[in-house]
Amino acid sequence: MIVFRCLWYHAKSLSVWATCITLTLLSLLYSLDIRAQYDPAFNHYWNLQTFYNPAASGLNGQINVQGGYALQMLGYTHAPATMILTADIPLWMIGPAHGLGAGFVNDKIGLFSHKRFFLQYAFHLNLWGGRLSAGVRGGLLTETFDGSGLDMLESSDPAFPTSEVNGNSFDLDAGLRYDGKRWYVGFSVMHTLAPVIELGDNKTNEYEVPQAFYLTGGYNIRLKNPLLSIQTSAIVRTDLQFWRGDVTARLCYSGSKGKMYIGAAYSPTISASLLIGGDFHGVQLGYCYECYTGGIGALQGTHEVTIAYTTDLNLFKKGRNRHQSVRIL
């Protein structure tokens with residue numbers, strides 16, 4: 001309710017259509033059926049925006065490198081573990097309107113391992129007092145299944161491999177994004193071709209990757225103290241069968257000697273999370289603990305760590321480089 005009241009209080013400073021989009025996005029979080037999905041769900045999605053939308057590549061005019069690691073459902077055998085690494089830069093040789101990015105994702109769930117290698121491009125256009133961005137991403141999607149880990153009574157069943165099998169396919173994503181002075185909204189589609197990956201030398205098993213749709217948004221609330229702000233964000237993701245939504249609010253401190261934040265996130269019927277982080281000697285570190293609300297147990301949640309580094313493009317002139325928290329409006 002605090003987030004809704006803050007957004008309503010500051011709605012007069014936004015355009016009408018942007019306010020409606022933000023409120024609609026937040027309200028969806030409480031009305032959708034929530035389930036698991038193919039792509040990893042990071043609580044620091046607001047700090048990994050180039051992964052969830054290629055249109056964010058090169059958006060802030062700086063070199064950005066972000067990494068994250070999440071260890072889920074502690075104490076369970078074959079618990080999911082996810083690692084992500086992304087980097088993006090503006091193509092200053094062509095102009096600030098062009099951005100380029102690359103990334104790698106390794107997501108291991110039980111006997112399955114999903115890997116993605118990708119390159120992405122974005123074009124940015126100043127429009128209506130803000131910035132409109134469009135991006136496209138292409139890459140290699142690799143699936144691996146370790147059949148040696150199966151414990152079966154009938155080991156001769158050809159439907160179940162008894163050794164490690166893998167396959168790969170081309171993958172394509174696309175996205176749009178608009179940034180205002182203190183807010184943004186974005187929409188992206190992952191796996192637009194819905195690739196089907198054939199596993200093993202005999203191609204007897206198939207793995208179909210469904211399309212996934214992402215709607216993101218955020219709004220920064222200024223406080224009377226100029227060193228403090230409340231940064232709100234939300235994300236809704238669906239493959240048109242299963243859904244997950246997250247809403248996040250962070251209290252941020254930006255002083256001359258450093259930056260820090262503390263916040264909370266909520267995913268209806270799934271989890272509640274606490275976040276903390278800051279800028280330490282030019283490196284941004286973040287930590288999140290996600291506690292599941294579905295009866296798994298408070299101590300069997302997810303530990304998530306992120307690290308990021310940002311620098312200006314002018315690397316050769318002394319005194320010109322500065323570091324700041326990435327993806328903060």
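Dipole magnitude for the stretch 218-272: about 320 debye, using +1 per Lys or Arg Cβ and -1 per Asp or Glu Cβ, origin at the Cα centre.
For the stretch 79-144, the Cβ-based charge dipole about the Cα centre amounts to some 20 debye (Lys, Arg positive; Asp, Glu negative; other atoms uncharged). Label separation (GLU164 vs ARG222): 5.5 nm, computed from points 7 Å beyond Cα along the C-beta direction. Quick check: net charge around LEU274, other residues with Cβ under 13 Å of its Cβ, Lys/Arg +1 and Asp/Glu -1? The answer is -1. Per the Cα gyration tensor, the stretch 247-295 maps to an equivalent ellipsoid with semi-axes of 27, 10, 5 Å, ordered largest to smallest.
Subtracting the Cα-Cα distance of LEU74 and ILE109 from their residue separation scaled by 0.36 nm leaves 11.3 nm. Rolling a 1.4 Å probe over the protein heavy atoms leaves HIS44 with an accessible area of roughly 0 Å².
The values are calculated or read from the model by the stated rules, or taken from the named source; none is laboratory data. Since the structure is predicted, the reported quantities are computational estimates derived from the model, not experimental observations. No Cβ is skipped: glycine too gets one built from the backbone with ideal geometry, and neighbour counts run over all protein chains shown. Just so you know, the surface numbers come from the protein's heavy atoms only, side chains and all, with ligands and any DNA or RNA stripped out. Shrake-Rupley method; radii C 1.70, N 1.55, O 1.52, S 1.80 Å.
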